[in-house]
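Worksheet: the structure to be examined is printed underneath.
We did not get these values from a lab; they are worked out from the coordinates using the rules stated. Keep in mind that this is a model prediction, so the values were computed, not measured. Cβ: placed from backbone, ideal geometry, glycine included. Neighbour counts: every protein chain shown.
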Amino acid sequence: MKNGNEQKEKEAKYHEMKNSKGNGKHSGVLKVFIIALLGGVLGGGAVVGGYTLYQNESSSVTTDNSKGQTSVSNIKVNVSTQSTKAFNKIQNAVVSVEAYSTKSSSDSLDDIFGSESGSSSSSTSESEGSGVIYKKTGNTAFIVTNNHVISGSNKVEVLLNSGKKETATVVGHDSVTDLAVLKINAQNVKQIASFGNSDNIQVGQTALAIGSPLGSTYATSLTQGIISAKKRTIDTTDSSGVNTGQTTVIQTDAAINPGNSGGPLVNLSGQVIGINSMKLANTGTSSSTTSTTSVEGMGFAIPSNEVVKVINLLVKDGKIKRPALGISLVDLSYVSTSDQKSVLKLPTSVTRGVVVLKVSNNSPLKSAGITKYDVITSLDGKAVKGLSSLREVLYDHKIGDTVEVKYYHDGAQKTANIKLTLEASDSNTTTSSNSGN
């Protein structure tokens, strides 16, 4: 029985070997495929049974470098976009503005050695910004830019997009709105910009900023972003750092850098919808020493509707005539609670307003009986929360307007109507005594 089983096993092995030889071709192909695939992944070739199944075509680098030549495709791709079309409509109307301020001083060596020559030297500082040509009439072209670009200068030059430079004359400027108008010879002016209606812009729409970031070396640089906010109210200060009130601006995330000031913010129709004026770019401290907050993508532009209104006033009069109250004052919040009670005699319910410290002889408030230590809480029916809100209401009026003033005198509330007869100027404007401003 045992011999019979062994015989059957031998026969089974024989048939298995025979079948294996008959199918050897297909089995071998399958093995080669799998191994070659793995070999291609791992090393670029495979070796089975000592024979190379796959090899690189050549193992040496060609010595003929001319085979490395290539060429540019002759297929034309139309890459023109609406942004490009808008830029082309206005690019030659955008200029670089260079303002120079020269101050004379005696030569330091002469001072030290007592030279009898009495020679003097001069130092020149330069401010660079941008501007946009908005009108051409006859031989004159008019340009709008920022006041802070040309403020304090005694020479202004304009660099056209063509590379030609023109001497500019300051037509008028205004520190409150931070706008200025220049004029140049129009001989080389080939393009002017038009103003769009800033009331029609929408949050999220594309906005283009054009100007000379970091100076005329990068003149007519274009950046793109969106309108982040149509009407953003921010505090403003003058050149001395005193708060001058608040202004409403367009917020955008289009890249705006130093030198872009005065350049246009443009919609996709190539219309100016704002004049780039400022950005939040520095770091603001969240505590006195521990951490800072980096600010990016927050630029601001003066809305075109406001720009046009100011331009027309500057062209007409060279400045904007605003009324003044002829007083010195301080925010009520700067006065201690004890002084509010004992000196000002204010009710505890009064927490906001401005305290009159001095009244000039030509102040329109003098005839109304307002005196030192009175507290103004309302002007023209609008609450006065501090100096900035007072100026905001005041500057909405013209000289000659009559407005209602509510104030506290010796603890009692009084009302008076005053006529705004005083014009704001460097010598008689409403001033602040707030510490830290």
Relative contact order of region 323-432, please, whole-number percent, based on alpha carbon pairs below 8 angstrom and at least 6 residues apart.
35 percent
Given points 7 Å out from each Cα along the Cα-Cβ axis, report the Tyr100 to Glu126 separation in nanometres with one decimal.
0.9 nm
Packing-wise, with mean Cβ within 10 Å as the measure, how do 193-200, 210-217, 227-234 rank, highest first?
210-217, 193-200, 227-234
Using only the Cα atoms of region 341-412, build the gyration tensor, take square roots of its eigenvalues as a ≥ b ≥ c, and label the shape rounded, prolate or oblate: rounded if a/c is under 1.5, else prolate if a/b is larger than b/c, else oblate.
oblate
In nm, what is the difference between 0.36 nm times the number of residues separating Ser73 and Asp317 and their Cα-Cα distance?
81.9 nm
Gain in length, Thr167 to Thr421, computed as 0.36 nm per residue apart minus the alpha-carbon separation, to one decimal in nm?
87.7 nm
Sticking with the crude label model, points 7 Å out along Cα→Cβ, report the distance from Ser194 to Ser83 in nm, one decimal please.
2.4 nm
Expressed in nanometres to one decimal, the distance between label points 7 Å along Cα→Cβ at Thr337 and Val295 is 3.2 nm
Virtual paramagnetic centre 7 Å along Cα→Cβ of Asp410, amide N under 19 Å, in region 309-353
340-348
In which sequence would Ser130, Ser304, Ser71 go, from the one with the fewest C-beta neighbours within 10 Å to the one with the most?
Ser71, Ser304, Ser130
Hey, can you rank 320-326, 177-183 by average C-beta count inside 10 Å, highest first?
177-183, 320-326
Please list, by residue number, everything in region 67-107 whose backbone N is under 17 Å from a paramagnetic label point 7 Å out along Cα→Cβ of Leu268.
79-90
